[in-house]
Amino acid sequence: MKKLSTPIIDEVCDLSNFGPSHKDEIKELAQMLKKRGKELWIQTSVADELRTQQSGDEVTFIVNQNINFTQYCIGSCRFCSYSIKPETSKSKISRMSLEEIQIETEKAVARNCTEICIQGGLDTELNYEFYVDILKTIKSVSSNIHIHGFSPSEIAFMSQISGETVEDIFKDLKKEGLDSFPGTAAEILVDDVRRKICPEKISTKQWANIVLTGHSLGLRSTATMMYGHIETYLEEAEHLAILKHIQQISNGFTEFIPLSFVYPNTKLYRYMGARPSSTGMHDLALFSTARLYLGESFSNIQASWVKLGPKLAQVSLNAGVNDLGGTLFTENITKSAGGSFGEEKSTEEFIDLIRDAERIPVRRDTLYNKLQIF
C-alpha cells in the first residue's frame, strides 16, 4: 500500500502546544458532551435559546448536487466502504469521464442547483490536469454555479502528484473556478485516533494548515467531525477546540457539520471494535455543546439528514441547529457504508420538516446568502 507523503506546505498554524495549554477547557467540553437525562435537556434548551439569539428562527438548506467522480483510492480508511482498489474492481463506472461530469452538471443546472459538491478518492490514474479540467468542465456548463470541491486530503494529493505547493494548488484551482472547499477528511483531529482509523491520511497539523492556507486565499470551507466510533469525549472536545482555534485565526469556516459514523459495512466496526455509531442522546449533546462553545465564531451548525435521518435532524433543531444541509440528489459515500436514509431530499420535504418544527424555511447558497424565504 502506497503511503501518502507530507504535502508541500509551509506551516501556517502551530498546534504543537495547543492541546496541553487548553486542558481545562477541553475537560469542561468533555463534561458537556457526556450530559444525559435532565442535565442534557437543560443544556439543549440553553443552546436553543442561544441559537434564537444568533440565528433567529430561520432554518436554512441548499439545493445542491453531489458528484463523486472516482471510487479508486490508494488510502485505507477503516470507516470507508465507498473506495475501491483498481486491481480488485470489475466495475466500468468507478471513475467518471469529463463528459459524464458535464452531463451531471447539466442535470444540476436543470434542477436549479446553486452548488455542485465534488469529491473523490485519491486515484493514482488521474493527473493534476484532470482536477483542473473538472472545474473547467463544470464552469463551461454554467459560470454561475458554485463549485464546492476537493477535501484537504485531495488538495494534499494534488500537491504530491504535481510537485506544487498547497498554496499554488489553491491558487490554480481558484483561478479555474473553485469557489469553496469542504472541510472533510477531518474525522477526529487527534493523531492517536487518526493512526487507527485512517493511518495514511494527512495529520491533524497538515489538515489545519491546508485549511488555513485555503482560507488565507479567500476560499471558505465547512468544518466537520466524524464521531461515534472509537474516539473518547475528550478527543471530541479537543477536535472542537482546534476548530475554534482555526476559526479565530481565519474566520474562514461557513458552518460546523457533525457527521455521525455510519457503521454497518465498515472495517472499523466489523473488525476493529468501533461502536455502532452515536446514540441519539450523544447527537443532541454534541449539537448543543457545539452551539454553546462554537456559537460566537460559528453562527451556523448543520445537522446531516443523510447520517441522522430526517426525524432526528428535525429534532436537532431544538438543540442549537439552524441548518439541514442540502438536497444532494446523489449520495454515494454514506450509502456504501450502510446508510439507510436515501440519497436526496426535495425542497418540499425540507420545507415540511422545517415548518413542522415551527421554524421558517430558507433556501440559501453555499456562503449562506438567503435566496428564498418560504
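The values are calculated or read from the model by the stated rules, or taken from the named source; none is laboratory data. Given the structure is predicted, the values throughout are model-derived calculations rather than measurements. Neighbour counts run over all protein chains shown; Cβ positions are idealised from the backbone, glycine included.
Of the residues that sit in segment 358-372 and are surrounded by fewer than 19 Cβ atoms within 10 Å (Cβ to Cβ) and aliphatic (A, V, I, L, M), which one is nearest to the chain's Cα centre (by Cα)? Per the criteria, the residue is LEU367.
Whenever a residue of segment 105-125 is more than 18 Å from SER140 (Cβ to Cβ), its partners that are part of a helix (DSSP H, G or I) and among the polar types (S, T, N, Q), lying with C-beta atoms within less than 8 angstrom and at least six residues away or across chains, give the pairs LEU122/SER153.
Here is a yes/no grid of residues against (1) within 23 Å of CYS198 (Cα to Cα); (2) assigned to a loop (DSSP other than H, G, I, E, B):
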{"residue": "GLU255", "(1), (2)": "no, no"}
{"residue": "ASN265", "(1), (2)": "yes, yes"}
{"residue": "LEU268", "(1), (2)": "yes, no"}
{"residue": "GLY273", "(1), (2)": "yes, yes"}
{"residue": "THR289", "(1), (2)": "no, no"}
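You will find that of LEU294, LEU243, the residue that is aliphatic (A, V, I, L, M), touching a strand residue (DSSP E or B) at 6+ places or on another chain (Cβ under 8 Å) and farther than 17 Å from GLU187 by Cβ is LEU294 and no other. Scanning segment 158-192 for residues that are assigned to a loop (DSSP other than H, G, I, E, B) and within 29 Å of SER260 (Cα to Cα) turns up PRO182, GLY183, THR184, ALA185, ALA186, GLU187, ILE188, LEU189, VAL190. Within this structure, ALA303 passes the test of being small (Gly, Ala, Ser), under 18 Å from GLY228 (Cα atoms), within 17 Å of the chain's Cα centre (by Cα) and at pLDDT 95 or above. Please determine whether any residue of segment 194-201 is among the basic types (Lys, Arg) and either in contact (Cβ under 8 Å) with a residue 60 or more places away in the chain or in contact with a helix residue (DSSP H, G or I) (Cβ under 6 Å, 6 or more places away or on another chain) (or both). Among the residues of segment 194-201, at least one is among the basic types (Lys, Arg) and either in contact (Cβ under 8 Å) with a residue 60 or more places away in the chain or in contact with a helix residue (DSSP H, G or I) (Cβ under 6 Å, 6 or more places away or on another chain) (or both), which makes the answer yes.
If you take the residues in segment 38-75 that are surrounded by fewer than 17 Cβ atoms within 10 Å (Cβ to Cβ) and not in a helix (DSSP H, G or I), which one is nearest to the chain's Cα centre (by Cα)? Among those residues, the one meeting the criterion is GLU58. Within this structure, SER142 passes the test of being without any contact (Cβ under 8 Å) to a residue 40 or more places away in the chain and over 16 Å from the mean Cα position of the chain (by Cα).
Among the candidates GLU187, GLU87, GLU106, the residue that is surrounded by fewer than 20 Cβ atoms within 10 Å (Cβ to Cβ) and modelled with pLDDT of 95 or more is uniquely GLU106.
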